[in-house]
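A short write-up of the structure that comes next.
None of the figures in this text is laboratory data; all of them are computed from the coordinates on show. Bear in mind that the values here come from a model prediction, so they are computed numbers and not experimental data. Positions of Cβ are backbone-derived with ideal geometry, glycine not excepted, and every protein chain shown enters the neighbour counts.
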Amino acid sequence: MTLWFVSAAVLTDLVAETGLSDRRAVYLSSSVSAGFVLGALGIAITGLADRVDPRRLFALCAILAALGNASLMVVPADSALAILGRLVVGLCLAGVYPVGMKIAVGWGTSDRGWLVGLLVGGLTLGTAMPHGLAWLGGGDWRTTTLVASALAALGGLLVLLTQLGPHHAVSPRFDASAVVLAWRDRVVRRAFLGYLGHMWELYAMWAWISVALLASYQLQMPSADAESLARLTAFVAIGSGALLCPMAGRMADRIGKARLTILVMSISAASAVASAAAFGGPVWLMFLATLLWGASVIPDSAQFSALVADAAPPEKAGSLMTLQTSLGFALTVFTVQAVPAVAGLVGWPATFLILALGPVAGIIAMWPLARQEQGFKTGSD
């Protein structure tokens, strides 16, 4: 998953060397999400993950994604080929994250919140890695690109050494009737809406937080120092979420999945507001606000899918989760493209406040489900 935000992590260096336009930079980031949506739907509709060994599919997709990312080394960064290469990255990562989740949940039933939390933690750490690599690379975007590709290929090969768990099962192909159920079923509908609120904020924040931090830090320190610190802050902030994902899975099993999402989205929205207030101020204050935001923006993610799996008929659960994920990432195509344009018009602090509206909407959607969970808990007590 290190491949997802490579272009965003090395954006400053790409612009300095190639004169990459703002529009092309946005396309390099958003095309990954678009490719992921297409890949996820393609795998679900064809049932490919069930027709071949998921470990081999994972490895093949990871290697192809690595090659798509490495193509940035040989094609002009401002060309349609570069955007196509990033689209291929997203297309192939659809054979990594969802397929990896399928492999993981085959190792347990009662502790699936923990297992999925571990996987989402891995996704989060991978998302942070490009910023860490860019920081270590000292401005050499080629090194960051090549190392990220090598790590992705290595990760795919390592999966071939694993085994399938005792609970590994074949999931049905995508069922178009799940679209109707997603709207008619109250729990599923609210889980979908909560997930969309969560995704409104998540990938936009991940994609552009380094750029926003650079703009903030430059008001307090020399540009070279600000650039290095912005990359380090982005790496630490996004990576901190990886530590909390497994713990969030454990907590969700105790207090309820909907209640957990509300708790985390409340912290995330408040952190976005705090980051807006700290923007341009003391470096340490902006660092802390961003660290809290990065830590709280992801731990609830897996629980929206878990809620759908709990509420849906078993034969439709896979299709509903695929639909939920596809809609969420389709939304990110818009948000990732919109954020830099909005920031150019109203500034980064106001943009952070707009992103905070996503988790606020998610909280409103999940509130009735949390009350229902509390009712069940009180009744059982």
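Using the count of nearby Cβ atoms within 10 Å as a rough guide to exposure, how do Val180, Val75, Val116 rank from fewest to most? Before the final figure, lay out each step's value.
On the way: Val180 10, Val75 14, Val116 24.
Neighbour counts put them in this order, fewest first: Val180, Val75, Val116.
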**Request:** List the cysteines in the chain whose Cβ has no other cysteine Cβ under 4.7 Å from it.
**Result:** Cys245
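Mind checking which helices in the chain clear 18 Å along their axis (Cα) and have mean Kyte-Doolittle hydropathy of -0.5 or more, DSSP H runs only? Don't skip to the answer; put the middle values down first.
On the way: long enough: 22-46 (36 Å, 0.96); 54-70 (24 Å, 1.15); 80-93 (20 Å, 2.34); 112-137 (37 Å, 0.97); 141-159 (28 Å, 1.34); 186-217 (45 Å, 0.70); 223-255 (47 Å, 0.67); 257-278 (31 Å, 1.32); 283-296 (20 Å, 1.71); 314-346 (47 Å, 1.01); 348-380 (47 Å, 0.61).
Qualifying helices: 22-46, 54-70, 80-93, 112-137, 141-159, 186-217, 223-255, 257-278, 283-296, 314-346, 348-380.
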**Request:** Could you line up Asp13, Asp140 from fewest to most neighbouring Cβ atoms inside 10 Å?
**Result:** Asp140, Asp13
**Fill in**
In vacuo Debye sum over C-alpha of region 205-324, base-10 log of normalised intensity I(q)/I(0) at q = 0.12, 0.16, 0.20, 0.23 Å⁻¹, listed in q order, is -0.52, -0.77, -0.99, -1.17
**Unit Cα scatterers, Debye sum, region 174-246: log10 I(q)/I(0) for q = 0.19, 0.20, 0.28 Å⁻¹** = -0.83, -0.87, -1.14
**Fill in**
Taking 0.36 nm per residue of separation between Leu285 and Gln163 and subtracting their Cα-Cα distance, the length gained on full extension comes to 39.4 nm
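Efficiency by 1/(1 + (r/R0)^6): what FRET value for Ala350 and Leu327, r their Cβ-Cβ distance, R0 = 25 Å, to the nearest 0.05?
Numbers: r = 26 Å, r/R0 = 1.06.
For R0 = 25 Å, the calculated efficiency reads 0.40.
In which sequence would Asp78, Asp22 go, from the one with the fewest C-beta neighbours within 10 Å to the one with the most? Intermediate values should be presented prior to the final figure.
Working: Asp78 19, Asp22 12.
Least to most surrounded, the residues fall as Asp22, Asp78.
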**Complete:** For Rg and Dmax of the Cα atoms in Å, with candidates [x] 19.9, 64; [y] 20.3, 70; [z] 21.3, 64, the value calculated from the shown model is option [x]
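Using +1 on the beta carbon of Lys and Arg, -1 on that of Asp and Glu, and nothing else charged, what's the dipole of the chain about the Cα centre, debye to 20?
For this selection, approximately 780 debye.
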**Request:** Express in nm, to one decimal, how much length is gained between Ser79 and Ala341 on full extension, taking 0.36 nm for each residue of separation and deducting their alpha carbon distance.
**Result:** 92.3 nm
**Request:** Provide the descending list of Cα extents for region 28-166 along its principal axes, expressed in whole angstroms.
**Result:** 47, 33, 24
**Message:** Amide H of Gly281 versus every other amide H placed in the peptide plane: which residues, excluding those fewer than 5 positions away on the same chain, fall under 5 Å?
**Reply:** none
**Prompt:** Per 10 Å bin, what percent of the C-alpha pairs of region 53-101 does each bin hold, from zero upward?
**Reply:** 31, 45, 20, 4
